[in-house]
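Asks: Mind looking over this structure? Questions follow.
Every read-out reported here was derived from the displayed coordinates using simple, explicitly stated rules and does not represent laboratory data. Please read these numbers as outputs of a predicted model, since none were measured by experiment. So basically every Cβ, Gly included, is an ideal-geometry build from the backbone, and we count neighbours across all protein chains shown.
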């Protein structure tokens, strides 16, 4: 069965919610530096991650939607691996184990879900909210090439760069992915004003990435912000090409700023139903949107609510 990537169809896809916030705040696991891949070090942790993804795959099956299995490797790049206490040489083993988990899950569900995409998740070298260790595009390509090279030897269908907060790092990841023949998706973090933490607009960021790589990303996404934070920014470019390049959303449950969320000691789950209604409003205006999941504070309840609001409803017979 050929895997159809989301940019090649109008079909709807789900992905998971806030992996790390679910594991830490709802299930009580300690993740060093928010690194979910650390659970793969033993059998118990492996089963925790497997069961987490299974819950979302079951939602996808129930709604008749495709699914993107995003690897738990947001922190599995060289600096973070060593900060957590792994040797630099562990980068291959960690990322290969993560993808193998997803490959096993795809095999388990492939007869029930029409399209399952395996995505190799790449996170920022620095913080997800604040641009730090700012690199040139060339430096970012060299830095992220180590993790992306591992993905190229696994059954991943594409690379997803999640929580990108400045454009040069996104360009570097796109270049590194193209160098090993992997398609890439770029997902930008935005602040409460709908702009990147650097102050750059989404329009400028998307256009800069597209014009600085020979092989543009499959599509772009927005993550780690509530729809209230970026709806007006998208609305301002409703009929422009750059908004049509955005196909996916991984929104926060909370309306709080990143600074407020960083200081929070309790999880803000917001209102799943309100979040879902905001997604419906976005889907009605930007019909190309077809990838829906969650970010900080979201869990299965949010994704179920979103799926119920955005799915294609069958035409009613007279």
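Asks: Provide 84, 91 in ascending order of the number of other Cβ atoms located within 10 Å of each residue's Cβ, fewest first. Please report the intermediate quantities before stating the final value.
Replies: On the way: 84 18, 91 21.
Least crowded to most crowded, the residues run 84, 91.
Asks: Of the peptides 43-54, 178-189, how do they stack up when ordered by the mean number of other Cβ atoms within 10 Å, highest first? Walk me through the intermediate numbers first.
Replies: On the way: 43-54: 15.1, 178-189: 21.2.
Going from most to least packed, we get 178-189, 43-54.
Asks: Relative contact order (percent) for segment 10-310, with alpha-carbon contacts under 8 angstrom and 6 or more residues of separation?
Replies: 19
Asks: Limiting things to C-alpha atoms, what are the Rg and the maximum Cα-Cα separation (Dmax) for segment 42-163, in angstroms?
Replies: 15.3, 44
Asks: Sticking with this one: Looking at the chain as a GNM with Cα springs under 10 Å, which of 60, 177, 271 has the largest mean-square fluctuation?
Replies: Between 60, 177, 271, it is 271 that shows the largest mean-square fluctuation.
Asks: Sort 194-200, 158-164, 25-31 for me by packing, meaning the mean count of neighbouring Cβ atoms within 10 Å per residue, highest on top.
Replies: Descending mean neighbour count gives 158-164, 194-200, 25-31.
Asks: While we're here: Averaging over every viewing direction, what projected area does the convex hull of the Cα atoms of segment 1-96 cover, in nm²?
Replies: Approximately 7.6 nm², given one-decimal rounding.
Asks: Calculate the all-directions average of the projected area of segment 121-173's alpha-carbon convex hull, and give it in nm².
Replies: 3.2
Asks: Based on the mean of other beta carbon atoms within 10 Å per residue, what is the order of 92-105, 231-244, most packed first?
Replies: Going by the mean number of other Cβ atoms within 10 Å, highest first, we get 92-105, 231-244.
Asks: If you don't mind, another one. So for the pair residue 62, residue 133, with labels modelled 7 Å out along Cα→Cβ, what separation do we get in nm?
Replies: According to this spin-label approximation, the distance is 3.9 nm.
Asks: I need the fraction of alpha carbon pairs in the chain separated by more than 30 Å, rounded to a whole percent.
Replies: That fraction is 26 percent.
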